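Here the structure is laid out as structure tokens; the discussion comes afterwards.
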Amino acid sequence: MRQSLRFVPAVLLFASAAGLAQAPGASPAAPPPGGYSGHGAESVPAEVIAKFAPPALPAPLAAKIQMLADVRSPLGGHLSPDGQKLYFVWNVTGVPQVWRLDGPNTFPIQMTGGEERTSVAGITPDGKTLVLSRDRMGEENPGLYTMPASGGPLTTIQRLPGVQTSFAFISDHGKWVTFRSNDVKRDSYRILRYEFATGNKEVVFDEPGLWGVADHRPDGRLLLHRSTGSQTGEYWEWDPVKKTKTPLLGQGDKEELRASYGKREGELIVVTAKFGDFRRAYRWENGKFEPITPELKWNVERTHLDRSKTRLFYTVNEGGYHRSHLLDPATYQELPLPKLPPGDSIGVGGSTQDGRFTTFTVSTARAPGESWVYDWQKAILTRWLFPSTPEVDTSTWAVAVLDTYPARDGTRIPVFVRRPAKCEPAPCPVVVQFHGGPEGQATPGFSPTAQLWVDAGFVLVEPNVRGSEGYGKKWLDADNGPKRLDVITDIEDAATWARKAFAVDGKTPKVGVMGGSYGGYATLMAMTMFAGTYDAGVSNVGISSLVTFLQNTAPYRRVLRSSEYGDLEKDHDALVKLSATTYIDKLKAPLLIIAGANDPRVPVGEGIQMYEAAKKKGIPTGLVIFPDEGHGAQKRDNRVLQTGNTLLWMERFLKGTPDN
């Protein structure tokens, strides 16, 4: 039986087939205290989901977005152990599925199909079997499966309703696949393993907590990680033979730590900002940290030691551009990388188990990324995947330019700007897009969606407000819990700056705001707490009340999000002050809300309760619910509808474009 939301749903009245404005009129009863209950499609009456289905787009706009969706390149992938095949994920069918290349630039072979998002988790050392992860309609409760590497039917390792079954690793001898699952308690993970030959499952580790496997030794020892917050956690070594759990680092520590095994026994490679403002990579042994990367004013984002223990890669985030480096894991001396093509960002995908082959990705601002494979034995670099740009000249696309704007306390906020070559009439309207996270980061890379906004005559502005990734520990932690009250004004200051920065001959532009996930939350705050600052808004899977969000988000996420937003009891007053529903009476400008019925992160009830409260204001208000999506649209047709309806909303209320 469906559990109904505790409010009276109302029909969304469309001004037109393309317009989403709700006509003013009588409002239903206001939602009682508590708002709604639960998350996922089961928490919403089916008739509500059907009532707010996404409207169709005008044919020319749909065609334009579909064309841009064809500008793509599937990046990365998993090489077969012999380096002769590449397995990768591609959404060319409209849903991400697994494909195979039998050599560089050969014709891709589709391995999986259907309507469920599927990805490659791992390949057995003999190259004969794939382990796949498959999710259903954005629920984020994936199952694990095996498939012959040559293709064929899937065999289920584990798929349980409402349960996350997440890949950890395949043993070096290829006998077992280890995974974690919250099948016993939804807010706790245990570690299990599956034997390929027999199909038997057994429990490896079972203690309360958000446990995961960070790394493993060939003898079966596991480096376990227990999450204690959105960025913090503890590391323990578990010996499954002796049944002993040894604390290593992070116990009682509030610093972010990312650890993996090093080359030598007793050694860990740790990425942390424990000793400074920016993350750096360290060698850890017997409680002592020794830096192995230079001290930089940028974050070391990740390290990757191949299974052969011959090469240690690390990636630096330089203001949104990613640069890869290589160390000798025995001496930690810097080694040269292969001579890759020039690119704005260079990434390391992974290496074969023997270390002979490594995949690299090369990205530029005006072309989709490319995947390359380097053969260390023969010193040969080969491009495996060539990007597609059908009927589009990407060489003319706008390149994001880094700027800053002043917060009211004088802090300079980094912001990337893409703008049209000209605007007629001037000035161009501006759309400020806030990223997700909140520990996310706006980056300047190649983006067909960003170009869509530029082609439509908008200046696209993407800030990295305080709380964003990539600018040091103080910046990242600036919005944790009640501290968000001190920096939430970065949202308003972005619009104040944009009106001045993009004015022409004294005429100020209209400014809209949009974003997904935390960006959706920022949008709702911009439209309510800072009402009048923005002229229109579109919130996608955004939190409307931090209180009801924390009460109803998936159990496994609650403890992690509480460390970021605040504790429901201790920080209740701050959570109320930081919720858009608190300021609903201030709403002045048109607001469109987009949600996924199956969202386990930001429950669909967050969007519905905001819509119900907002539309009583008599201001144009719209709601779209995707019945077959979760935290943001994944299926191609849904992404087209999501993008198109967002653009139509901004066209209508920032340009005064009539309904089509």
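Read the figures in this text as sums done on the coordinates, not as results from a lab. Values in this document were obtained by computation on a predicted structure and should not be read as measured data. For neighbour counting, all protein chains shown are included, and Cβ atoms are generated from backbone atoms with ideal geometry for every residue, glycine included.
For LEU340, LEU647, what's the fewest-to-most ordering of other Cβ within 10 Å of each Cβ? Walk me through the numbers before you get to the answer.
On the way: LEU340 15, LEU647 22.
Lowest to highest Cβ neighbour count: LEU340, LEU647.
Need one number: convex hull volume per residue for the range 282-436, Cα atoms only, in Å³.
Numbers: hull volume 28.0 nm³, N = 155.
Taking only Cα atoms, the range 282-436 has a hull volume of 180 Å³ per residue.
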*Using a Förster distance of 25 angstrom, determine the FRET efficiency expected from the C-beta separation of ARG558 and LYS254, and round it to 0.05.*
0.85
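Once R0 is set to 41 Å, what does the formula 1/(1 + (r/R0)^6) return for the Cβ-Cβ distance between LYS474 and PHE386, expressed as a FRET efficiency to the nearest 0.05? Write out the running numbers ahead of the final one.
Working: r = 42 Å, r/R0 = 1.03.
About 0.45, to the nearest 0.05.
Sum up the charges of everything whose Cβ sits under 13 Å from the Cβ of ASP82, counting Lys and Arg as +1 and Asp and Glu as -1, but leave ASP82 out. Walk me through the numbers before you get to the answer.
Values: positive: LYS85, LYS128, ARG356; negative: ASP102, ASP126, ASP354, ASP375.
Its environment carries a net charge of -1.
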*Under the Karplus relation 6.51 cos²θ - 1.76 cosθ + 1.60, θ = phi - 60°, what is the ordered set of whole-Hz ³J(HN,Hα) values for the range 123-135, x standing for Gly and Pro?*
10, 5, x, 7, x, 8, 9, 9, 10, 10, 10, 9, 10
*asked:* What distance in nm separates the two pseudo spin-label positions at ASN200 and LEU402, each 7 Å out from Cα along the beta-carbon direction?
replied: 5.6 nm
_Estimated translational D of the range 116-250 in µm²/s (Stokes, Kirkwood radius over Cα pairs; 20 °C; 1.002 mPa s)_ = 139 µm²/s
*Relative to the first principal axis of the alpha-carbon coordinates of the chain, what is the inclination of helix 636-654, with its axis defined by its Cα atoms, in degrees from 0 to 90 and to the nearest 10?*
40 degrees
*Compute the separation of the alpha-carbon centres of the range 508-571 and the range 114-180 and state it in Å as a whole number.*
34 Å
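To the nearest 0.05, what FRET efficiency results for ASP567 and LYS245 with a Förster distance of 22 Å applied to their C-beta separation? Kindly include the intermediate steps, with their values, before the conclusion.
Numbers: r = 28 Å, r/R0 = 1.27.
Using R0 = 22 Å, I get an efficiency of 0.20.
Please state the shape class of the range 308-373: rounded when a/c is under 1.5, otherwise prolate if a/b exceeds b/c and oblate if not, all from the C-alpha gyration tensor. Spell out each step's value before the answer.
Working: a/c = 2.53, a/b = 1.54, b/c = 1.65.
In terms of gyration-tensor shape, oblate.
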*Per-selection Kirkwood Rh - the range 608-658 (Cα, Å, 1 d.p.)*: 12.5 Å
*What full-extension length gain, to one decimal in nm, is calculated for GLN158 and LYS586 as 0.36 nm per residue of separation minus the Cα-Cα distance?*
149.2 nm
*Sum up the charges of everything whose Cβ sits under 11 Å from the Cβ of SER308, counting Lys and Arg as +1 and Asp and Glu as -1, but leave SER308 out.*
+2
*Label-point separation in nm, ARG366 to LYS378, each point 7 Å along Cα→Cβ*: 3.4 nm
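I need VAL348, VAL213 ordered by Cβ neighbour count within 10 Å, fewest first.
Numbers: VAL348 24, VAL213 21.
Result, fewest neighbours first: VAL213, VAL348.
Between ALA50 and HIS173, what length in nm is gained on full extension when 0.36 nm per residue of separation is reduced by their alpha carbon distance?
Details: separation 123, 0.36 × 123 = 44.28 nm, distance 5.01 nm.
Gain on stretching ALA50 to HIS173: 39.3 nm.
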*Peptides 123-132, 602-611 ordered by average Cβ neighbours within 10 Å, highest first*: 602-611, 123-132
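If Lys and Arg each add +1 and Asp and Glu each add -1, what is the summed charge of the other residues whose beta carbon sits under 12 Å from the beta carbon of THR156? Intermediate values should be presented prior to the final figure.
Values: positive: ARG134, ARG159, LYS201; negative: none.
Taking every Cβ under 12 Å from that of THR156, the sum is +3.
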_Whether the range 551-653 is rounded, prolate or oblate, judged on the alpha carbon gyration tensor where a/c under 1.5 counts as rounded_ = oblate
*Rounded to the nearest 500, what is the 222 nm mean residue ellipticity of the chain from helices alone, with -39500 (n - 2.57) per DSSP H run of 4+ residues and division by all residues?*
-5000 deg cm²/dmol
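Charges at C-beta only: +1 for Lys and Arg, -1 for Asp and Glu. How large is the resulting dipole of the chain about its Cα centre, in Debye rounded to 20?
Numbers: 75 positive and 72 negative charges, 26 e Å.
About 120 debye.
May I ask you to order 465-477, 566-578 by the average number of other C-beta atoms within 10 Å around their residues, highest value first?
Output ranking for 465-477, 566-578: 465-477, 566-578.
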*Cα point-scatterer Debye curve for the chain, base-10 log of I(q)/I(0) at q = 0.10, 0.11, 0.12 Å⁻¹*: -1.00, -1.24, -1.50
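Starting from the Kirkwood Rh over alpha-carbon pairs, what translational D in µm² s⁻¹ does the range 235-332 have by Stokes-Einstein at 4 °C and 1.567 mPa s?
Values: Rh = 14.2 Å.
The Stokes-Einstein estimate is 91 µm²/s.
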*With a/c under 1.5 counting as rounded, go ahead and sort the range 287-327 into rounded, prolate or oblate using the C-alpha gyration tensor (a ≥ b ≥ c being the square roots of the eigenvalues; past the cut-off, prolate if a/b is larger than b/c, else oblate).*
oblate
*What is the spin-label model distance, in nm, from LEU340 to ALA426 if the labels are put 7 Å beyond Cα along the C-beta direction?*
4.0 nm
